[in-house]
Amino acid sequence: MQMLSRYKLTQSKTFIYLFSGIVWWLWMFGIVSAQEDLFHKVPDLESVINDEHLLLEDRERKPIDLTLEDCIAATLQHNYSVKAGGFDPAIRLSDIVQAEAVFDAVLYGSVQLNHNESYNIDTTYYTRTKDNNGDVTVEKIPTDLFNSNSDDNYTLGLRKLIPSGGVVQLAQSLRRYQDHIEEGLYQNPFYESAIQVQYRQPLLRDFGVDVNRAGILAARNRYKTSLQQFQLLVINSMTEAESTYWNLFSARQQVKIQQELLNRAERTLLMVQARVNYDGRSISLARTQAVIAKAKADLLTAQNSVLQMQDRLLRLMNDPEMDLNSNIELILFDKPCREHYYVDREKAIETALKIRPEVVAQQLTVDTAGLALGVARNQKLPRLDLVFQHEVSGAEGTSSSSVEEMWEGKAQSYAVGLSFETPFGNRASTAAFERARKQYQQEMVRLKSVEQDVQTELSISLHNLEKAWEETQARLEAVEYDRNEVLNFLALLDTERQDTVTPEFLNIKLNADQRLAYSQAAALQAMVQYDLAIMNLQKAQGALLRYNNVKLAEQADSE
């Protein structure tokens, strides 16, 4: 009987121990299963870089894929600043036409109808010859107390300035005179036709092709300068668009990094909550909840940065198909450059000094100042002009007969002369020359300054490019170390299932999670900065348009 009781007691204890063991094993299996389910493999940086729909604050946002090339193309096509700047070259082009129009031939003409009726107080006599069938007689006729005559003049001519500074003028004139009182004049009415050629050539002041075409050359320089300024505007717009594109890319990755950090913290919280009754670690629970709260706040900040950066990019592109107020989300297609970019320093400096818009524009300004200096030097000379005039005329009783008489060339007249003029002291021209000379020297100094600024900017860009590459490699290496540390913590939690999660262990693990998030964010930012360093180097060389395969219409026409 005792043996039976002892056997039953032993059997009951065994059953109790077995039941307790099964319950404990099931409880631990649930914890470990939760760990294995929640602590999945930590995504590497490549997984973070692959852009996707973030579903920010509105899940109804329409995703739109956007490449960097499309972003730049939309900016150059629709941006208001670029559109407004495109008018400047066209405006300057009209200045060239206006300057060239100085040499256009000018058609001029005049008509003057004079009718005179007046009293004549002269009571003297005048003689008149009268032919009466060969019988010529001279009559004395008293002066008429009343005069009435018409004297009409018509002139039509061409005038043209030639590049040497001379003015050629060709004019045809017709005069009609009629005395309404005296009918016995030689010809009444009287017609006189004439052709006159006049040439006035400066010999000192205003002489020479360089002086007289200086205005045209200056206008062309201003037009070319406006092209360089427009090119600089395009480059700056491209730079801003590309910078905003990559900053938006970085902001979007920040959202994913913060979201992954939040997910890991929430999985840690589930594990802590599952073990809180077993360990009683309220400190661990509070620490984890604090990390989660901070991660949520950082995630909201990152999401807000994405929305703000996206609005800036939409404003820059101004694409009608991607309205600023439309409910869209830009999915960026391009990824940062991961290859080492090499540049020949000497060749880069040579290229920059040759094609940088600022350098070219300043060289044109120097050239324009040189033109102004040449004109001012010429204006110091006295004025000495050679004048030549030749006239052929004819007179008859009708206009047609006077023209015929003119073409016979019986009445010709010539005139040749010199005209001289110079002011005493010539102070105005001398002051203008000194002013032009100093302005030319000033522009030369500015050119040296611009070239120095370009070389400095290029040197800084080269340094930034190399250091950005080195920083990117170091950041990527740090990401791998921090990621391995987090994975080691997860493996430790998985292998030592029965160990309690101490506050110290939990604090180290949460710090490792945060370091990984920071390293990923820093690495992505370094990659973006490296891409921007490449862009800034191309900009410093003046080759950003060529680098992005952009050709302005004016450049295409010039080729």
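The values are calculated or read from the model by the stated rules, or taken from the named source; none is laboratory data. Quick caveat: nothing in here was measured; it's all calculated off a predicted structure. Quick reminder, even Gly has a Cβ in these numbers, built from the backbone with ideal geometry, and neighbours come from all protein chains shown. With ligands, DNA and RNA removed, areas are computed over all heavy atoms of the protein, side chains included. Shrake-Rupley method; radii C 1.70, N 1.55, O 1.52, S 1.80 Å.
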Checklist entry - If you scan segment 336-382, which residues turn out to be part of a loop (DSSP other than H, G, I, E, B) and out of contact with any Asp or Glu (no Cβ under 8 Å at 6 or more places or on another chain)? => result ARG338, GLU339, HIS340, TYR341, TYR342, VAL343, ASP344, ARG356, LYS380, LEU381
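For segment 54-71, give me the residue count where each residue is at pLDDT 60 or above, exposed (fewer than 12 other Cβ atoms within 10 Å of the Cβ) and more than 33 Å from the chain's Cα centre (by Cα).
Total meeting the criteria: 1.
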Next on the checklist: Taking the conditions exactly as written (aliphatic (A, V, I, L, M) and in a helix (DSSP H, G or I)), does VAL291 satisfy them or not?
Outcome noted: yes
Item to check | Hits in segment 319-333 (condition: of a type in the set (Asp, Glu) and either over 20 Å from ASN247 (Cα atoms) or exposed (fewer than 14 other Cβ atoms within 10 Å of the Cβ) (or both)) | outcome: GLU321, ASP323
Checklist outcome for this item: Checked against (1) among the hydroxyl-bearing types (Ser, Thr, Tyr); (2) within 30 Å of GLN196 (Cα to Cα); (3) open to solvent by 70 Å² or more (accessible area, probe 1.4 Å), TYR440 satisfies every condition except (2)
Checklist entry - Among VAL97, VAL106, which is the only one that is surrounded by fewer than 16 Cβ atoms within 10 Å (Cβ to Cβ), β-branched (Val, Ile, Thr) and free of Cβ contacts under 8 Å to residues at least 40 places away in the same chain? => result VAL97
Checklist entry - Mind checking which pairs have a first residue in segment 419-436 that is at positive phi and open to solvent by 60 Å² or more (accessible area, probe 1.4 Å) and a second that is among the polar types (S, T, N, Q) and part of a helix (DSSP H, G or I), Cβ under 8 Å, 6 or more apart or different chains? => result none
Checklist outcome for this item: Residue count, segment 317-332, condition touching a residue at least 40 places away in the same chain (Cβ under 8 Å), in a loop (DSSP other than H, G, I, E, B) and under 26 Å from the mean Cα position of the chain (by Cα), comes to 4
Item to check | Lone unmet requirement of (1) open to solvent by less than 50 Å² (accessible area, probe 1.4 Å); (2) over 30 Å from LYS438 (Cβ atoms) for ARG315 | outcome: (1)
Checklist entry - Has segment 407-414 got any residue that is among the aliphatic types (A, V, I, L, M), surrounded by 13 or more Cβ atoms within 10 Å (Cβ to Cβ) and touching a residue at least 24 places away in the same chain (Cβ under 8 Å)? => result no
Checklist entry - Which of (1) closer than 30 Å to LEU232 by Cβ; (2) out of contact with any Leu (no Cβ under 9 Å at 6 or more places or on another chain); (3) open to solvent by 40 Å² or more (accessible area, probe 1.4 Å) does THR365 not meet, given it meets every other one? => result (2)
Next on the checklist: Test of understanding: among ALA521, ALA478, ALA491, which residue is among the hydrophobic types (A, V, I, L, M, F, W, C), surrounded by 20 or more Cβ atoms within 10 Å (Cβ to Cβ), within 25 Å of VAL291 (Cα to Cα) and at pLDDT below 90?
Outcome noted: ALA521
